[in-house]
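Structure, as structure tokens:
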Amino acid sequence: MTTMRLWMMLGALAVAVPALPAEMRSNKNRGRGSMWWGIAKAGEPNNLLPMSPTSLHMDPTVYATLRRKQRRLARENPGVLMAVARGANQAITECQHQFRNRRWNCSTKNFLRGKNLFGKIVDRGCRETAFIYAITSAAVTHSIARACSEGSIQSCSCDYSHQSRGPSGVRDWEWGGCSDNIGYGFRFSREFVDTGERGRNLREKMNLHNNEAGRTHVSAEMRQECKCHGMSGSCTVKTCWMRLPTFRQVGDNLKDRFDGASRVMVSNSERTRGVSNAITSNSASNSVHAQREGLSRRHRYNFQLKPYNPEHKPPGVKDLVYLEPSPPFCEKNPKLGILGTHGRQCNDTSIGVDGCDLMCCGRGYKTQEVIVVERCGCTFHWCCEVKCQLCRTKKTIHTCL
Amino acid sequence: MDSVSMYDDNECGDQCFTENTEDLDYDFVYDQETPLELYHYCIFPTVKDTIWYLVPLIVASLICNVAARISQLPHNVFHCVMAFTGIFTIWNYAYECFYLLLLFILFSYIFLYLPMKFRRGTKVFIPSLLFILYCEFFMNPKEWHKIRGVVMIATMKASSVAVDKAELSSHINFYEYVGYMLCSVTALFGPWTSFENYRNLYKKTTWKFWWIFIVIGYMAIAFFCLCISNCWTNWILSNSAGKWMLAFRDALGFRTSHYFICFTASSIMLMGGYPLSQTLITKPLEIEVPRSLVQVVISWNIPMHNWLKSYVFRPGCKQLGKFGAIIMTYLASSLLHGLNFQLAAVLLSLGFYTYIEYQLRNLLANVFHACIASKQCSLYKCEHLRNSINCYWVTLVNGLFGILAMFHLAYLGLMFDTSDIQETGYSYSHTIDKWSQLGFASHWVAFATYCGYYLIR
């Protein structure tokens, strides 16, 4: 029976790739616009159809994870898909780094099954979900901006045209460099990531808000650095430049926001913008074609969420928002896709969340000595290679029961 | 076969989940900026900004050059042209000190014609001293830090003229004096040039076109250094490197920034009509691979070194002796840089270091009869028995002293970083903080060197 399914499957792939999403539509209510996360696992060897990264845009497993509009974007902007895939991987890595010491450790499924990459936790509107949305959206922005400046996306290029400076314009410095990459990343991320979220219900609004927060963190971290030059350390000439933030910084900031995320509820003014006039805001600046789905962009992002606790102040652009409290992550819960903390490593001396008391939820832990092989004595060889030795060290590890 | 059912909607058990904690390794893959990003975000804007910044200065210098070559131009008109280009330059680049500078020029010219008893000996420095002190105490620190270079050049010029006038008591033409003080070629980035050299600019009739290539060459070196200073140092060594590597990085950034200014100044000088022989300001190679700290100090800014030598050190030697004169020189130098604790600390440290190094190496050179003194002795008339050709350890010892000098330079230069206070001048606490992070290592090493010298003396 499985053989038959295989052949049917392959036949379907070979004949009509666009026909695939028929199956997608069946479960589209779940994690609407977030299926594209699966792109992160597209090139992995444990996947069914291994492929070279260059043929990513051809690959049906990738296409299957995308919505129609996302596929169109990928088709129209060659090179974008690679960047999105890279961004998605980056997001997963960063998420797992940020949550390595928590009960929920941002685990992902190891292959595509037409389900959400991060598991069913995404179905709940909790803090963790908020973080996932924000970090993935931020990663796409970051990765696209980076790909732009590398020149691997053809439809964006460095725009050096911002030269509004007089001859003595050093007094107030203006950015004269490659200005549009972050902007392009931002706009593309809006088009691509926010596809499924139309902002019609509270959950979609939450997703939109968190996606937007992730993007804002990237563009806000784009920072200006300056240096003085002059006779013996004076500051006669001041030159400035920009630095793209490392994704670790973005992740750190988002983690801070995660810790201070605000719970929101349905706002009264929710239905004030029923009139969806089709003044599709002019996106002529580049070729990220913006075809509005229902609401125009201006309205889509123009909402204010109300804090659950009326005494709190309403969430800002950079804040993460959530709707319901997180489920307990202690015990395994297949319904929510929670692994539980059985078998997780913990730190017996810490009193934080990574400490054995909290991590193991009071179940206790076992201690064992293991021999760990790790890289050590790394030396840097010019240029640019790091050579390491393998060391065997004895380590005491604690694992939750 | 089972795995093919990729769109299966069944609930899967534990095996669907993995804990990928082991792949934290590839965090670092995306962290570093790529060379292309470096180009787009740093090198390109830096170079572009700086070129736009320099254009008015280049135009002003070329006007000076043309004015110097027009043979029909009367003497006074020529100096007026120079002064006006200077006024334009100062107004454009350092408007904060525009009126103050004009006032200073007037005041210092009047000072030249005061009776001799008011301007004898060290009194010739009074107008310059007052000017610097006024700026230091009454100006907004940010503005003062910005125009410090301009003020420094102006005070050096004024006091050199005053000293020469006191010795030779010749007549100084007002037009010449104003032209000299304001001349756009040297007003902004320096270097100091003597009054005599400035006067020689007038009526230089020969046109040579090879200088264009040298101008471009100087500019290319300047921009190369600028890119190193702004972009590459931070790119090659990220903030996670060890503290001594970071010290070396910041110090390198400061040095390359200095080369940028010096080579730009060289280029501008050549464009303004100064002869090639006067445009040598710094020797980067002798600073980056130093033989000794003494050599670094000399090669750092050759015109400044000459000024200090002829107007501070030599007169000081007669009255205070050698050690006193050295300390006096470094004090004068730090005064010229404004009353900035950090610069004073660096310069005074340098003063002690060079003194110790000079004495120790002189002693060693005499004891071992080898060419290991601070200054390189020329190969042909070297009075020492051993030199780097016939004795391998001479090279070795010189190399070791060179490495010691590099260590000191990294330590002394690291405070000129890109922190927020770079625009207002570095504070006392910043300096101490930076040095204490390194445990005042260089001062201890210098002290140890001195002890060594004291014991074998």
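The values are calculated or read from the model by the stated rules, or taken from the named source; none is laboratory data. Since the structure is predicted, the reported quantities are computational estimates derived from the model, not experimental observations. Because the Cβ atoms are built from the backbone with ideal geometry, glycine has one as well, and the counts that use them run over all protein chains shown. We work out accessible area using only protein heavy atoms, side chains counted, and drop any ligands, DNA or RNA first. Shrake-Rupley method; radii C 1.70, N 1.55, O 1.52, S 1.80 Å.
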Distance in nm between B:TYR134 and B:LYS375 label points, each 7 Å along Cα→Cβ, equals 3.9 nm
Correct response: the longest run of chain B lacking exposed chymotrypsin sites (Phe, Trp or Tyr not before Pro), defined by DSSP loop and at most 15 other Cβ within 10 Å, is B:211-379
For the stretch B:72-202, shape from the Cα gyration tensor axes a ≥ b ≥ c, cut at a/c of 1.5 then a/b versus b/c, turns out oblate
Taking R0 as 51 Å and r as the Cβ-Cβ distance between B:TYR175 and A:ALA220, the FRET efficiency 1/(1 + (r/R0)^6), rounded to the nearest 0.05, comes to 0.35
Under the rule rounded for a/c under 1.5, else prolate if a/b exceeds b/c, else oblate, using alpha carbon gyration tensor axes a ≥ b ≥ c, the stretch A:342-401 is classed as prolate
iface A-B | buried accessible area, total | probe 1.4 Å | Å², round 100 | 7000 Å²
With DSSP loop assignment and no more than 16 other C-beta atoms within 10 Å, the trypsin sites (Lys or Arg not before Pro) in the stretch B:60-164 are B:ARG120
Lys pairs in the stretch B:72-202 with Cα under 17 Å (8 or more apart in sequence, or on separate chains) total 4
Under the 7 Å Cα-to-Cβ spin-label approximation, B:TRP393 and B:LYS123 lie apart by a distance in nanometres of 5.7 nm
Any trypsin sites (Lys or Arg not before Pro) in the stretch B:343-414 that lie in a DSSP loop and have at most 14 other Cβ atoms within 10 Å would be B:LYS381
Surpassing 21 Å at the alpha-carbon level, of the pairs B:LYS283/B:LYS318; A:LYS366/A:LYS394; A:LYS69/A:LYS335, are B:LYS283/B:LYS318; A:LYS69/A:LYS335
Here the FRET efficiency for A:GLU369 versus B:PHE440, based on Cβ atoms and R0 = 56 Å and rounded to 0.05, is 0.80
Quick calc, A:ILE351 & B:LEU280: beta-carbon distance into FRET formula, R0 51 Å, rounding 0.05, result 0.20
Inter-part gap, Cα centre of the stretch A:197-235 to Cα centre of the stretch A:141-156, in whole angstrom, is 17 Å
Per the C-alpha gyration tensor (a ≥ b ≥ c, the square roots of its eigenvalues), the stretch B:305-368 is rounded if a/c is under 1.5, else prolate if a/b beats b/c, else oblate; here it's oblate
Partner lysines whose C-alpha sits under 20 Å from that of B:LYS434, ignoring same-chain residues fewer than 8 away, are A:LYS227, B:LYS243
The simple spin-label model distance between B:VAL55 and A:LEU390, using points 7 Å out along Cα→Cβ, in nm, is 6.1 nm
Output for the stretch A:220-262: chymotrypsin sites (Phe, Trp or Tyr not before Pro) sitting in coil per DSSP, at most 13 other Cβ within 10 Å, listed by number, reads none
